[in-house]
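Trainee: Got a structure for you, questions after.
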Amino acid sequence: MRRELNGWYSPSLGKDMPIVTYGHYGPALLLIPTAAADYLEYERFQLVDSLAPFIETGRLKVFSVNSINTESWLNNEMEPSHKAIRHNQFNEYVFNEVLPFIRNSTSSETPIIASGASFGALHAMNLFLKRPDLLQGALSMSGVYDLTDYTKGFYDDQVYFNSPIHYIPNLEDHAILERIRAGRLVIATGSGSYEDPEANRRFSGVLQSKSIPHVFEDWGPNRHHDWPTWRDMLPNLISRHF
């Protein structure tokens, strides 16, 4: 499997940000790490290996970036309003730097799907819903879609606009909704240890209320909030829905 490390100084974030690419060509899958993890997390936990058949046959080209959650929502020393500002800088990094990098590494017509597990699932979904003109879908595993689960009671406009379960019910812009409806959305969860299937079911209901096509799957009580679940889920979902 071809593996390439790149990186650059991010004007959006004011720091060096690495990115790893797997594969030669194919539709692009952008992986957003869990919680406090880095850009090599999905490789270390062998999720990239689980995608090898897709990568090696040109069905996918995979890109993985660093998270900055320890500089935003998971930083207990930071003022809550500053956490939101830092998170928005991460969004701008993805939109203005990562997605153009992916386009230059593939083509302007290549679809880009955002994906992630746990906290990365929320970010992946949020990125697509905010910019369906730049991304073509989201595949989210074992997420919650309420950002206030991570904000310790803090709530302002920036939390609202990064919390899909809050802003999607109030989204009325027809053009944006039509772009979202044209994307591919998959929400998958288990109902075993540390999973929250009801959070996923509630968000599925929100999407349904806005006539947004999507797939919702609960893989049952034997699927826990852990890497064996996601290693099985991701290739299975890609093979059936993308």
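Trainee: Quick one: which strands (runs of 3 or more DSSP E) sit completely within the range 1-64 and have at least 2 residues that are free of Cβ contacts under 8 Å to residues at least 60 places away in the same chain?
Mentor: Qualifying strands (runs of 3 or more DSSP E): 3-10, 15-22.
Trainee: Taking Ile102, is it within 21 Å of Val65 (Cα to Cα) and part of a strand (DSSP E or B)?
Mentor: no
Trainee: Given the options Glu97, Glu92, name the one that is more than 16 Å from Pro33 (Cα to Cα), at pLDDT 95 or above and either in contact with a Cys (Cβ under 8 Å, 6 or more places away or on another chain) or crowded, with 17+ Cβ neighbours inside 10 Å (or both).
Mentor: Step by step, each of Glu97, Glu92 is checked, and only Glu97 is more than 16 Å from Pro33 (Cα to Cα), at pLDDT 95 or above and either in contact with a Cys (Cβ under 8 Å, 6 or more places away or on another chain) or crowded, with 17+ Cβ neighbours inside 10 Å (or both).
Trainee: Restricting attention to helices (runs of 4 or more DSSP H) lying wholly within the range 122-210, give those where 3 or more residues are farther than 16 Å from Asn88 by Cα.
Mentor: 174-182, 197-209
Trainee: Output the number of residues of the range 1-24 satisfying the condition of being of a type in the set (A, V, I, L, M) and more than 21 Å from the chain's Cα centre (by Cα).
Mentor: Within the range 1-24, residues that are of a type in the set (A, V, I, L, M) and more than 21 Å from the chain's Cα centre (by Cα) number 1.
Trainee: Could you please let me know if Trp219 is touching a residue at least 24 places away in the same chain (Cβ under 8 Å), buried (at least 18 other Cβ atoms within 10 Å of the Cβ) and of a type in the set (A, V, I, L, M, F, W, C)?
Mentor: Yes, satisfied.
Trainee: Collect the residues in the range 66-87 that are in contact with a Lys or Arg (Cβ under 6 Å, 6 or more places away or on another chain) and part of a helix (DSSP H, G or I), keeping them in residue-number order.
Mentor: Glu71
Trainee: Residue by residue through the range 222-235, note down the ones that are assigned to a loop (DSSP other than H, G, I, E, B) and either touching a residue at least 60 places away in the same chain (Cβ under 8 Å) or under 13 Å from Gly143 (Cβ atoms) (or both).
Mentor: Correct list: His225 only.
Trainee: While we're looking at this one, here's another question. Any idea which residue in the range 102-158 is modelled with the highest pLDDT, counting only those that are among the aromatic types (Phe, Trp, Tyr) and more than 23 Å from Leu60 (Cβ to Cβ)?
Mentor: Tyr145
The values are calculated or read from the model by the stated rules, or taken from the named source; none is laboratory data. Please read these numbers as outputs of a predicted model, since none were measured by experiment. Glycine gets a Cβ as well: all are built from the backbone with ideal geometry, and neighbour counts include every protein chain shown.
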